[in-house]
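Reviewing the structure listed below.
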Amino acid sequence: MRPLLKTLVTKTLGAVNVFPTIMTEKGELLSLLKKLHPISSDKELIRLGPKADGGYLIPDDFVGIEACFSPGVGFLSGFEKDCAELGMEVFLADRSVEKPADEHQQFHIFEHIHWYNIR
């Protein structure tokens, strides 16, 4: 598809929250799902982010973690703000929003990242 036409189609569909992507084969998806399972940890879980959508339970083990990379931050950035409050540099990227919902001195925003052929 020509670059101009591809950009026009992507922007038009994005305006109505439709994002065309290459579909993952069913076998690959099932293989991944079989590998996902809870693991035990001796660390207490703490919540980062909002109490509802966008919040996560994370083992309280941040020793040596200096950065958080958040591609696809969307309209919720409470998790990222909590990471910044823990002293992490937070790198945000999302073409669907102009800026994150929260602001923080530790936020670094990439406005124009193009993801091509990530496979």
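Since every read-out is calculated from the coordinates, none of them should be taken as a lab result. All of these numbers come straight from a predicted model, not from anything done at the bench. Cβ sites come from the backbone with ideal geometry, for glycine too, and all protein chains shown count toward neighbours.
So for the range 3-110, considering every pair of alpha-carbon atoms, how many percent are separated by more than 25 Å? Before the final figure, lay out the partial values.
Details: 2408 of 5778 pairs.
Summing the P(r) of the range 3-110 above 25 Å gives 42 percent of all pairs.
Over 28 Å apart at the Cα level, from the set 51/99; 43/81; 6/81; 11/99; 6/51, are 6/81; 6/51.
Calculated FRET efficiency, residue 6 to residue 34, Cβ-Cβ distance, R0 = 30 Å: about 0.30 to the nearest 0.05. Summarising the strand pairing of the chain, around 30 percent of its internal DSSP beta bridges are antiparallel.
Taking the Cα centre of the chain as origin and assigning +1 to Lys and Arg Cβ atoms and -1 to Asp and Glu Cβ atoms, the resulting dipole is close to 860 debye.
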